[in-house]
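What follows is a short report on a single structure.
The values are calculated or read from the model by the stated rules, or taken from the named source; none is laboratory data. Quick caveat: nothing in here was measured; it's all calculated off a predicted structure. No Cβ is skipped: glycine too gets one built from the backbone with ideal geometry, and neighbour counts run over all protein chains shown.
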Amino acid sequence: MSGKLLILFSIALLQTYSFSQSFEYKLIYPSRIPQNSNFEIALLLSDFDRNSDKVELFFMPMDGISVQGVIIRSQYISEKVKISELSADNFSHKVYKISLNLQDSLFVNSSSFQLLFNFQSKEIRKSGFKVFGRFLKNKNVVDIIGERNPNSQFDEKDFKLIELNFYKPQKVAGNALQLSRSSLFSLNISPVTFSNLWIDFWFKFVDPDFSFLRLSNSQTDETIFQLSVNPYQMLSAENHFFSNWSLNPTFLTKKSWHYFSIEIVPQDAKIFVYCDGLLLAEIKSNNILSSKLLLEFSYSGKTGSYQIEKLRMIDKKDDYKEIIKSANYTSFKSDGSSLIEELLFDDESALSHSRENIKIDYENIKLIKSDAPIFLRAPELNTYLIANYIQLEWETGETSSAAKYIIEKSYNGNDFEPIHEITVNQSPESKYTFFDDLLGKEEIIFYRIRQINIDGSTVYSSAVKIGQGEIDIFRVEPNYPNPFNPKTSIMVEMFEDNEIEISVYNLEGKEVEKLFKGFLLKGKHRFEFNAEKYPSGIYLYKVSSDVFSQTGKMILTK
């Protein structure tokens, strides 16, 4: 029986908040944004009080980004909204205001809509976006968008902050494959020759309302599943064989790179579809047991196009999380899995050479310069304590594009200073060694390698810590409420900017949900855990960085 499914998640980050019994809003934004580019932040609002008179929205683009316009979109409307700049001397950045009359006929029959913020970035590494909103009924606040509900006047601490991370596109990204109305790119695959076949790729679009990927039985032409982006930028799947899912609708940001992956397991007659490492769908289909599969990329839109980049086929023998770790890098690295094929689309001639179990066909494709988040892999640093010295050792990684290595040192894991510079030896499998004197009795020292590439771009190795002490770079407040049902909040106060991961585990040590993974600026940040789909019991939440972690206990009572 044919069915349709709206699929959750994208490469964009998503944060959900609720205040009144039903009102909810979601902020969706790219996890990585190319420098000097146009990008989108989406604010999705649903189930607000339909008796509200109006909503007032205030937002602040931070350093290095500028607003280009805002569009409101619902089932009945899609148009630009008027933006006014406020005179706000007590705020750190320019404050803009949007005011919407909810008694207008356009909103009468709708309790949800989207606000799409269009921005232009400069050559920056990080920035932010702050937003505060209030739904008013007879001049009284009935719902808010932000950190808290102020009684009357509001200030900057009431705004919700999201952090934005930017990257300089590297030359190693090469070209991307662009498909338009008459384009076709297909791979005819014999999955029975592999134990577990993993296919992944990067994907970016500009205008919604099109289908882009179809997996079928090439012998019967029967569709196993097909992926589309609908007019409201929601990812949907149309299929005949879904056997299990528990997913929510997901909004995909335009002009951002999204990471898709498909796992084909012939011996179990199953296919798993992922986006950004999260399982989207499990498909049971006997069609993959003995038949050939056809993976087709096409474009059904009337105008416009989309891009794919770095398509890989892997004989999977690791956990999928290990494979995903190499998605952003030019080279594949795994303890057990092996790379079968990698298509970088740098040269069309590379698509036509023969392959043992894969046949590639294409027509009317175009190769264009890529700005995908694909980088050179930094070297892995090893350290050894020898008498009064620290020996640092590493091997060359992507030597064809690396120009020099800079050894950096830190005493707090954050403020690194260069201590030595080495020009790259272009010979394969070169090893590098450096000895650093232990002049004092520092309890903790951190080292890392900064790799400067020929094109001027930079990548960093993971920091290595020497010593047994710990440095507090954040503080975690106990979750509130606790016990809770079904939602609770975790407040993290950052003492410095840093990469952070927040996960929830059951008492068996199994991760049940990842609340956040990314870069947090100095200050306080709130994260919500919704345990509606989990059973009563004790859960642990862990907040961690490369050098520090804190764990707390929370009790779910239903």
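How many of the residues making up the stretch 480-506 are more than 16 Å from T551 (Cα to Cα), under 23 Å from the mean Cα position of the chain (by Cα) and either in the same structural domain as F416 (by TED's automatic domain parsing) or crowded, with 16+ Cβ neighbours inside 10 Å (or both)?
2
Considering each of D221, D207 in turn, give the residue that is under 21 Å from the mean Cα position of the chain (by Cα), at pLDDT 85 or above and assigned by TED's automatic domain parsing to the domain that holds S326.
D207
Give me a count of the residues in the stretch 346-374 that are within 23 Å of I264 (Cα to Cα), in a loop (DSSP other than H, G, I, E, B) and either acidic (D, E) or touching a Lys or Arg at 6+ places or on another chain (Cβ under 8 Å) (or both).
Counting residues in the stretch 346-374 that are within 23 Å of I264 (Cα to Cα), in a loop (DSSP other than H, G, I, E, B) and either acidic (D, E) or touching a Lys or Arg at 6+ places or on another chain (Cβ under 8 Å) (or both) gives 1.
Name the pairs: first residue in the stretch 114-143 and without any contact (Cβ under 8 Å) to a residue 12 or more places away in the chain, second residue assigned to a strand (DSSP E or B), Cβ to Cβ under 8 Å, at least 6 apart or on different chains?
V141/R134; V141/F135
So G304 clears everything in (1) at positive phi; (2) of a type outside the set (K, R); (3) not in a loop (DSSP other than H, G, I, E, B) except one condition, right? Which one?
(3)
Please find, among K137, K122, the residue that is charged (D, E, K, R) and over 27 Å from Q233 (Cα atoms).
Answer to the check: K137.
Of everything in the stretch 315-360 that's hydrophobic (A, V, I, L, M, F, W, C) and more than 20 Å from K292 (Cβ to Cβ), which residue is modelled with the highest pLDDT?
F345
Say whether the condition of being exposed (fewer than 13 other Cβ atoms within 10 Å of the Cβ) and among the β-branched types (V, I, T) is met by at least one residue in the stretch 348-367.
Scanning the stretch 348-367 turns up no residue that is exposed (fewer than 13 other Cβ atoms within 10 Å of the Cβ) and among the β-branched types (V, I, T).
Could you list all residues from the stretch 146-166 that are in a strand (DSSP E or B) and either more than 18 Å from E40 (Cβ to Cβ) or touching an Asp or Glu at 6+ places or on another chain (Cβ under 9 Å) (or both)?
K160, L161, E163, F166, listed by residue number.
Would you confirm whether or not the stretch 447-467 contains a residue that is in contact with a strand residue (DSSP E or B) (Cβ under 6 Å, 6 or more places away or on another chain), in a loop (DSSP other than H, G, I, E, B), under 27 Å from Y25 (Cα atoms) and not assigned by TED's automatic domain parsing to the domain that holds D276?
No, that holds for no residue.
State all residues of the stretch 98-115 that are of a type outside the set (S, T, Y), under 25 Å from F251 (Cα atoms) and loosely packed, with under 15 Cβ neighbours inside 10 Å; if no residue qualifies, say none.
Within the stretch 98-115, N101, V108, N109 meet the criteria.
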